[in-house]
Amino acid sequence: MAAPTTYLSQLVALFGHPVAENPTQYMQERAFESLGLIWRYITMDVQKDQLADAVTGLRAMGFAGANCTIPHKIAVIPLLDHLTPTAAKIGAVNTIVRQTDGSLLGENTDGKGFIQAVTEYGMDLKGVRALILGSGGAARAVSVELGVAGAARIDIANRTASKAEDLAAHVARETGVESSTVVWGRDIPIPLGTQLLVNCTSIALAPNVDDVVPVDYSSIRSGLLVCDVIPNPPDTPFLKRARAAGATTLDGLGMLVHQGAIAFKLWTGHEAPTHVMRAALEEVFAQG
Ligand code: NDP
């Protein structure tokens, strides 16, 4: 084997806490490798009160970028130099990209990854009526991007009602799309005319894999597209029950691949090998 011509790798970091079980490093490094890029993706457990120092370190060591996950997606914003318009609208950042002048740009690829997965599936989002379950970071990214993509109406249901009200007001203000709340309960009603139903809560995230999203499954009509953001395990009880009630379904793996693929292109300038990334995640999740 020939000696390398440079020992300098391009570096990307993941900042989160806890983060040890996050599979993104494996997915991104498989993608770098498949394109022959000398890039490394390093998972770093960063405590809340160390985030500012971690971002300073990122700048000092010339990292090409980073991902941020829980609990840093909002806290990182004042530490960056610029935000993309959608990251500003969403109010959270999951991807940092170093610009040619060394400044750090914050982007949010979570909602874009969702839009890409649904569009690839074949749904035209223009004029769609959606019901979003949840009001955390994922719900915020998905609902704002749906508004930007031309949805006609976005309803929000969340266990903590005040957060659903805040998100509905936020979506209406930031995207101009009509948005109101649906009451969370044991049988959340799916409003008549809903074409897209998305679980953006953490229900059924491992290890609670048998937990069921409490919607009124009898109100599911064929033609409804039901999506889950939970990637592991991807075929959640929510999706299984929705399919049994006549809906078509889309799991959270596509969103995870596409949000990573968008970040990959922002960092490297190359189209991401999405098939390699998906295979890497399937391999990780098959191990349980
Ligand atoms: P947050 O902690 O910001 O929000 C969690 C949401 O889930 C809140 O709305 C919370 O409701 C709700 N929730 C949690 N547990 C329950 C429960 N037992 N019953 C009812 N509601 C519940 O997390 P995120 O929004 O960042 O992430 C949510 C999920 O999305 C995670 O599982 C994450 O893995 C997944 N995700 C997937 C991505 C992908 O690419 N596939 C990308 C990003 C996230 P309340 O407000 O009442 O607490």
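Each DSSP beta bridge with both residues in the chain is either parallel or antiparallel, and the antiparallel ones are about 15%.
Using a probe of 1.4 Å on the protein chains alone, the accessible area found for T56 is around 90 Å². Each other residue within a Cβ distance under 15 Å of D228 adds +1 if Lys or Arg and -1 if Asp or Glu, for a net charge of -2.
So, for the chain, what is the accessible surface per residue at a probe of 1.4 Å, expressed in square angstrom?
On the way: 13390 Å² over 288 residues.
With the other protein chains kept in place, the chain gives 46 Å² per residue.
Ordering F15, F285 from largest to smallest accessible area (1.4 angstrom probe), what's the sequence? If you can, show how the numbers build up before the last one.
Working: F15 5, F285 35 Å².
Solvent-accessible surface, decreasing: F285, F15.
Semi-axes of the equivalent ellipsoid of the chain are 33, 21, 17 Å, computed as sqrt(5λ) over the eigenvalues of the C-alpha gyration tensor in descending order. Express the carbon and sulfur contribution to the solvent-accessible surface of the chain as a percent, rounded to the nearest whole number, probe 1.4 angstrom. The value for the chain is 54 percent carbon and sulfur by accessible area.
Quick one: helix 110-121 against the long Cα principal axis of the chain, what's the angle to the nearest 10°, folded into 0 to 90? Helix 110-121 sits roughly 60 degrees off the main axis of the chain.
Treating only the Cβ of Lys, Arg, Asp and Glu as charged (+1, +1, -1, -1), what charge dipole size does the range 111-251 show about its Cα centre? Round to the nearest 20 debye.
Values: 13 positive and 15 negative charges, 32 e Å.
Using Cβ point charges on Lys, Arg, Asp and Glu, the range 111-251 gives about 160 debye.
Along the axis of the charge dipole computed for the chain (Cβ charges of +1 for Lys and Arg, -1 for Asp and Glu, origin at the Cα centre), the listed residues G254, G193, S9 are led at the positive end by G193.
The residues E283, E145, E29, E165, sorted by heavy-atom accessible surface at 1.4 Å with ligands and nucleic acids left out, run E165, E283, E29, E145 from largest to smallest.
Mean sequence separation of contacting Cα pairs (under 8 Å, at least six apart), scaled by the length of the range 111-251, corresponds to a relative contact order of 20 percent. Ranked by the mean number of other Cβ atoms within 10 Å per residue, highest first, peptides 73-85, 255-267 order as 255-267, 73-85.
The values are calculated or read from the model by the stated rules, or taken from the named source; none is laboratory data. Small disclaimer: the values here were computed from a predicted structure and weren't measured. FYI the Cβ positions are ideal-geometry reconstructions off the backbone, even for glycines, and counts take in every protein chain you see. Accessible surface is based on the protein model in full, side chains and every heavy atom, while ligands, DNA and RNA are left aside. Shrake-Rupley method; radii C 1.70, N 1.55, O 1.52, S 1.80 Å.
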